[in-house]
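What follows is a short report on a single structure.
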Amino acid sequence: MLVSPHQDPRPPLNPSQPAPAGPPARVALLAAPASLPADGTSQAAVVIWLADAAGRPVAEGSRVRLALSGAPAELARTEVETHEGLALAWLRAGSQPGRVTLTAKIDG
């Protein structure tokens with residue numbers, strides 16, 4: 001098959017079937033609220049966004065493992081799944097003040 005420089009040999013994309021995502025390459029976490037009082041009961045929702053290098057959401061149902069370090073705090077779950085590239089986690093404040101770091105890991 002001969003291809004001209006202006007002809008793309010790939011089949012056209014079907015808008016109802018977007019290109020599959022590649023391996024995870026981007027991650028962003030957003031906590032709301034961003035800080036909590038050290039009262040042992042306050043909670044924050046943490047939205048985790050995962051995408052491939054082209055910005056496409058990771059595969060549906062990708063498992064995300066979560067871990068905390070720093071000041072005492074607690075996660076409702078240490079593993080969540082993505083839906084359209086997003087996952088949701090809940091973090092409960094500890095009773096001692098300090099900085100908490102949340103790490104999200106995904107295979108891929």
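The values are calculated or read from the model by the stated rules, or taken from the named source; none is laboratory data. Because the structure is predicted, anything quoted here is derived from the model rather than measured. Quick reminder, even Gly has a Cβ in these numbers, built from the backbone with ideal geometry, and neighbours come from all protein chains shown.
General observations
- Scope the range 49-69; condition within 18 Å of Pro33 (Cα to Cα) and out of contact with any Asp or Glu (no Cβ under 9 Å at 6 or more places or on another chain); matching residues: Trp49
- Filter result for Ala19 (modelled with pLDDT of 90 or more, surrounded by fewer than 14 Cβ atoms within 10 Å (Cβ to Cβ), over 14 Å from the mean Cα position of the chain (by Cα) and part of a loop (DSSP other than H, G, I, E, B)): no
- Ala25 modelled with pLDDT of 60 or more and within 19 Å of Thr101 (Cβ to Cβ): no
- Flag if Thr82 is modelled with pLDDT of 90 or more, surrounded by 10 or more Cβ atoms within 10 Å (Cβ to Cβ) and more than 11 Å from the chain's Cα centre (by Cα): no
- Subset of the range 45-60 [within 16 Å of Ala21 (Cα to Cα) and in a strand (DSSP E or B)]: Trp49, Leu50, Ala51, Pro57
- Residue check, Gly40 outside any strand (DSSP E or B) and modelled with pLDDT of 95 or more: yes
- Evaluation of Arg63 against (1) within 9 Å of the chain's Cα centre (by Cα); (2) among the basic types (Lys, Arg); (3) over 13 Å from Leu29 (Cα atoms) (one fails), failing number: (1)
- Residue list for the range 93-103, filter: surrounded by 13 or more Cβ atoms within 10 Å (Cβ to Cβ) and within 12 Å of Ala31 (Cβ to Cβ): Ala93, Val100, Leu102
The rows are residues; the columns are (1) modelled with pLDDT under 95; (2) surrounded by 12 or more Cβ atoms within 10 Å (Cβ to Cβ); (3) aromatic (Phe, Trp, Tyr); (4) under 21 Å from Ser95 (Cβ atoms).
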{"position": "Leu50", "(1), (2), (3), (4)": "yes, yes, no, no"}
{"position": "Arg56", "(1), (2), (3), (4)": "yes, yes, no, no"}
{"position": "Ser62", "(1), (2), (3), (4)": "yes, yes, no, no"}
{"position": "Leu66", "(1), (2), (3), (4)": "no, yes, no, yes"}
{"position": "Pro72", "(1), (2), (3), (4)": "yes, yes, no, yes"}
{"position": "Ala76", "(1), (2), (3), (4)": "no, yes, no, yes"}
